[in-house]
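The values are calculated or read from the model by the stated rules, or taken from the named source; none is laboratory data. Keep in mind it's a predicted model, so treat the numbers as computed, not measured. All Cβ positions, glycine included, derive from the backbone under ideal geometry; neighbour counts span all protein chains shown. For the accessible areas, the whole protein counts, side chains as well, though only heavy atoms, and no ligand, DNA or RNA atoms are used. Shrake-Rupley method; radii C 1.70, N 1.55, O 1.52, S 1.80 Å.
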Amino acid sequence: MALSLDLTGKVVLVTGGTRGIGRGITSAFLDAGASVVTCSRSDVEPVPGSTHRVCDVRDPEAVTALVEAVVSEQGRLDVLVNNAGGAPSTDAATASPRFHDKILALNLSAPLMLAQAANRVMQEQGSGAIVNISSIARQGSFGQTNYAAAKAGVVAMAEVWARELARFNIRTGVVAPGTINTDMIAAMKPEARDRLVSSVPLKRLGEPEHIARSVQFIFENDYFTGRVIETDGGLR
């Protein structure tokens, strides 16, 4: 599902960019001609054509080192896609403070630290875009209090950044996926998957490429900033 967009010479950093939605985003930017760097907490096989680095995005020093390495090797950074995240379900009344901290560190604090590091580079360049991957869960998802709060938080952050960073020609945006056909969904029992599909007005799951198109639109449209694209098949 490649776009005709030509991003030759642009450099993109996608966190969690080797699996699921992140892999779709990585592949789409590669197809458009961009140089793409992905990162994850473990050393995995990179998406063909991309560069992969190991980085725990919850670690401030590791985040700074990651962005510095990207700029040192690639010469610039045009797009940061804050995609890494996780959504284990738990009961809000019984979850431990440590569990909440882990979820918030990955889904809220990490995007903030990455944006801070990218912002320093983009200000020097005089341009850039920061895209956060949120979720339909931000509207309230049963059993996911901490995750829902974090995904609402990354929307708020992008809205604030749009106002603060516009003078540096840095734009922001958010994509909020609905139910996307990833390995997690594929592993579900058929009856559970069918119930999930039936709840979507379009009666089908989204694909990682659908999210990638929304991310690329944010970068391509230079009058877009501080807003959310809900890519969810009408599921609200």
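Below are the figures for this structure:
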read-out	value
Length-normalised contact order for the chain - Cα pairs under 8 Å, 6+ apart - percent	19
Amide H contacts of Arg171 (H built 1.01 Å from N, under 5 Å, at least 5 apart or other chain)	Gly128, Ala129, Ile130
Fraction of beta bridges assigned by DSSP in the chain that are antiparallel (%, nearest 5)	0
Average accessible surface area per residue within segment 6-157, 1.4 Å rolling probe, Å²	43
Area of Glu73 that stays accessible when all protein chains are in place (1.4 Å probe, Å², to 10)	100
Scattering curve values for segment 5-116, log₁₀ I(q)/I(0), Debye with Cα scatterers, q = 0.12, 0.14, 0.15 Å⁻¹	-0.43, -0.56, -0.63
Segment 109-236 - convex hull of the alpha-carbon atoms, volume per residue in Å³	111
Most mobile of Ala150, Ala65, Ala84 in a GNM of the chain (Cα contacts under 10 Å)	Ala65
From the C-alpha gyration tensor of segment 6-71, square roots of 5λ in Å	20, 14, 9
Two-decimal ratio, the chain, of alpha-carbon radius of gyration to 2.2 N^0.38 Å	0.97
Stokes-Einstein D in µm²/s, Kirkwood radius over Cα pairs - segment 152-194 at 4 °C with 1.567 mPa s viscosity	99
Sorted peptide list for 218-231, 12-25, 102-115, criterion being average Cβ within 10 angstrom, highest first	12-25, 102-115, 218-231
29 Å Cα-Cα reach of Lys10 towards lysines, excluding residues that sit fewer than 8 places from it in its own chain	Lys151
